[in-house]
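The values are calculated or read from the model by the stated rules, or taken from the named source; none is laboratory data. Here the structure is a predicted model, which is why all the values come from computation and not from measurement. Cβ atoms come from the backbone with ideal geometry, glycine included; neighbour counts cover every protein chain shown.
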Amino acid sequence: MKLHAMAAVVAVSALCLALVSCARTDDAVVRAEDFDAFWLWASVQPQPVLHHAHALYLLEGEITGGEPAHLQRRLAATPRIARADVWIVYRADTLAWSDEVVPAIRGDIARWRGNGNRVVGVQLDFDARTRHLDRYASFLRDLHARLPPETKLGITGLMDWSANGDPAQLAQLAGVVDEVVVQTYQGRATIPGYGQYLERMHGFPIPFRVGLVQGGEWRAPPELPANPHFRGYVVFLVNPPR
């Protein structure tokens, strides 16, 4: 009887643990300390998680303004990061760049590397329309060719690309960019239905990471880790609410 009673207690305990685990999954939020790759914008305060980062995506400037657009810098000084791989990020709202933009980007790469940073690549944050990825691929091909040797080119991507993107146009991107970070959020909130979009990533032809927002919702689709092109996560850091 004692053995049976003990077995029953163990079984109930296991069930309780399982229920707690399920509850935590249902209420899952993105905790920055659980990850090791981060976006950091100039307006966001540094956080302790940056000390164990393996990769940092740092916003250097924005390419915006008239036609053609010019580079507006957002960092007051060149950072010096010795512990992590660094991606220099440029936010763009147009692809009609002035002739000075790409030489300025090359100058940034040289300056950041000269300051001791392990710059692995440049990331372009641009919301390319799903139906015009072929034009975007052409632009990126020219940009990549003009970057310094051994410099990767990464981009952010919309979840809609996996659902409605033309496979032929996506294939053009595959031969041009080294990495896509698929954004699952807008502002500070996770986009509803993100799981359904990510389920369609099994045929995505480009190495990709999943972009999450700190404090947002996240429950990883079970099949995601098995995707041969999946490279992990990048968390967009935000300031705590006031």
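None of R146, R141 is closer than 23 Å to A96 by Cα, out of contact with any strand residue (DSSP E or B) (no Cβ under 7 Å at 6 or more places or on another chain), surrounded by 15 or more Cβ atoms within 10 Å (Cβ to Cβ) and among the basic types (K, R) except R141. Comparison of A42, A32 shows that the only residue that is surrounded by 10 or more Cβ atoms within 10 Å (Cβ to Cβ), under 26 Å from W112 (Cα atoms) and at pLDDT below 90 is A42.
Of everything in the range 169-200 that is within 15 Å of the chain's Cα centre (by Cα) and modelled with pLDDT under 90, the residue that is surrounded by the fewest Cβ atoms within 10 Å (Cβ to Cβ) is G187. Residue under question is D85, and the condition is that it be touching a Phe, Trp or Tyr at 6+ places or on another chain (Cβ under 9 Å) and either modelled with pLDDT under 95 or surrounded by 13 or more Cβ atoms within 10 Å (Cβ to Cβ) (or both); does it hold? No, not satisfied.
Taken as a whole, the range 109-132 holds at least one residue that is part of a strand (DSSP E or B) and acidic (D, E).
Tallying residues that are surrounded by 20 or more Cβ atoms within 10 Å (Cβ to Cβ) and either among the aliphatic types (A, V, I, L, M) or free of Cβ contacts under 8 Å to residues at least 24 places away in the same chain (or both) within the range 207-225 yields 3. Are there any strands (runs of 3 or more DSSP E) wholly within the range 175-242 with 3 or more residues that are of a type outside the set (K, R) and over 14 Å from L158 (Cβ atoms), and if so which? It comes to 230-236.
Against the numbered list (1) at pLDDT 95 or above; (2) among the aliphatic types (A, V, I, L, M); (3) within 19 Å of A128 (Cα to Cα); (4) out of contact with any strand residue (DSSP E or B) (no Cβ under 8 Å at 6 or more places or on another chain), A110 comes up short only at (3). For the range 97-134, filtering for residues that are among the basic types (K, R), out of contact with any Lys or Arg (no Cβ under 9 Å at 6 or more places or on another chain) and touching a residue at least 24 places away in the same chain (Cβ under 8 Å) leaves 2.
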